[in-house]
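Just passing along the structure, written as structure tokens.
Bear in mind that the values in this text are calculations on the coordinates, not laboratory data. Just so you know, these numbers come straight off a predicted model, no measurement behind them. Cβ: placed from backbone, ideal geometry, glycine included. Neighbour counts: every protein chain shown.
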Amino acid sequence: MTDFPKSLVPVTGPFLAAKVAGAGVGMGSYGDATRALIHAGILQPDLVCGMTLALLAKQPRRPKPTGEQKPTSERKASGVAGRVWVRERFTMHRPIGNDDAWQVTGESTGTYVRKGRSYSTTRSTSTTSSGELFATNLTTGLFSYRADPALADSVQGLPIEDTPTPIPDAAAAQANPHAEALRALSVGDVLGDLKVPMTLAMMAARDTDNPDNPIHSSAEEAQKAGLARPIAGGSHVLSFALEAVMQKCGPESLLHGANIDVRWKAPTEDGTVIRPTATVVDLRPDRVEFELRVDLVDGPTALVGRLVVPLAT
């Protein structure tokens, strides 16, 4: 017997204005389409990616048996399900104002061990202040990078393969103002493919003066966490791959039913140069599908994913 699923305490928005604006500044010389959304008062898709994290970060924390609270930096860093964000599957159902007082609800669905590594899964549903669905998310977190060979494969709660997964929202495609630009693509088109420096200044701008996790903007806090240098947050890295599609097809092209399944494979450190790409791998009357990648120019691949944008038929 297990106590999954575990209901989480609902939380409400909006995102702080500094966080929204900082996400635009955090793209450096890249990011014109993202900043166009911000200027239009529309929440950008890379922040929608993290709705489950917004939920988890605001959950009540249990004190230690002595009654002592963890340091603030530790409490914030543990807000990700399983501590290390490794995979996100989410659907953007409709645009939402970047100052909207949204609500996000969710539950922890289970934990599992594979090849000596322990993971947790959390799903969430986000609605606008008027009650309209705008995002569904399924988050996978890893408890520790280091594998423990003594851990046997196991499952508590709902197995990951049986957990309901967000899917493209075909009905939402009717409202996509950039459908023609998406249809004009061809299989094999590579969008983006520019070299973009990732600097500490960009990471600090995105994190704001009140960071959710200071390992993304403070060299001191990164070193305390065992990192050589600060690393960019997962949604920050993803924003560059999404920007490649938005620049080509239009700022709102991903906000009407698009579904993303993304994995983070390696950290993106301060001072690295990234190369984000979105490659068209399938084009049908009812959808266009992209392979997303963010490669480190002098290192491994940082991010891989699939993006499906439904098209009205």
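Arranged by the count of other C-beta atoms within 10 angstrom, fewest first, what order do 239, 7, 129, 108 take? Let's see the in-between values first.
Numbers: 239 27, 7 9, 129 15, 108 23.
Arranged by neighbour count, lowest to highest, 239, 7, 129, 108 become 7, 129, 108, 239.
Here's a follow-up. Using Cα centres only, tell me the gap between the stretch 233-278 and the stretch 17-61 in whole Å.
About 12 Å separates the Cα centre of the stretch 233-278 from the one of the stretch 17-61.
Still on this structure, please answer the following. Of the listed peptides 163-173, 51-61, 219-229, what is their order by residue-averaged count of other C-beta atoms within 10 Å, with the highest listed first?
51-61, 163-173, 219-229
What is the Cα centroid distance between the stretch 83-105 and the stretch 116-160, reported in whole angstrom?
After rounding, the separation between the Cα centres reads 15 Å.
Within the set of other residues whose C-beta is less than 15 Å from the C-beta of residue 204, count the net charge using Lys and Arg as +1 and Asp and Glu as -1.
Neighbour charge sum, excluding residue 204 itself: -4.
Would you calculate, for the chain, the mean residue ellipticity at 222 nm contributed by helices, counting each DSSP H stretch of 4 or more residues as -39,500 (n - 2.57) and dividing by all residues, to the nearest 500?
Mean residue ellipticity at 222 nm (helix-derived): -6000 deg cm²/dmol.
Excluding residue 98 itself, what net charge comes from residues whose Cβ is under 15 Å from its Cβ, given Lys and Arg +1 and Asp and Glu -1?
That works out to 0.
Just how large is the dipole of the stretch 6-310 about the Cα centre, in debye to the nearest 20, putting +1 at every Lys and Arg Cβ and -1 at every Asp and Glu Cβ? Kindly include the intermediate steps, with their values, before the conclusion.
Details: 32 positive and 33 negative charges, 175 e Å.
Using Cβ point charges on Lys, Arg, Asp and Glu, the stretch 6-310 gives about 840 debye.
Only counting other Cβ atoms within 10 Å, I'd like 261, 153, 193 sorted with the fewest neighbours first.
Ascending Cβ contact count within 10 Å gives the list 153, 193, 261.
Then there's this: Of the listed pairs 195/224; 19/195; 195/248; 6/224, which have alpha-carbon separations greater than 20 Å here?
The answer is 195/224; 19/195; 6/224.
In the neighborhood of residue 230, defined by Cβ-to-Cβ distances under 13 Å, what is the net charge if each Lys or Arg adds +1 and each Asp or Glu adds -1?
Its environment carries a net charge of -2.
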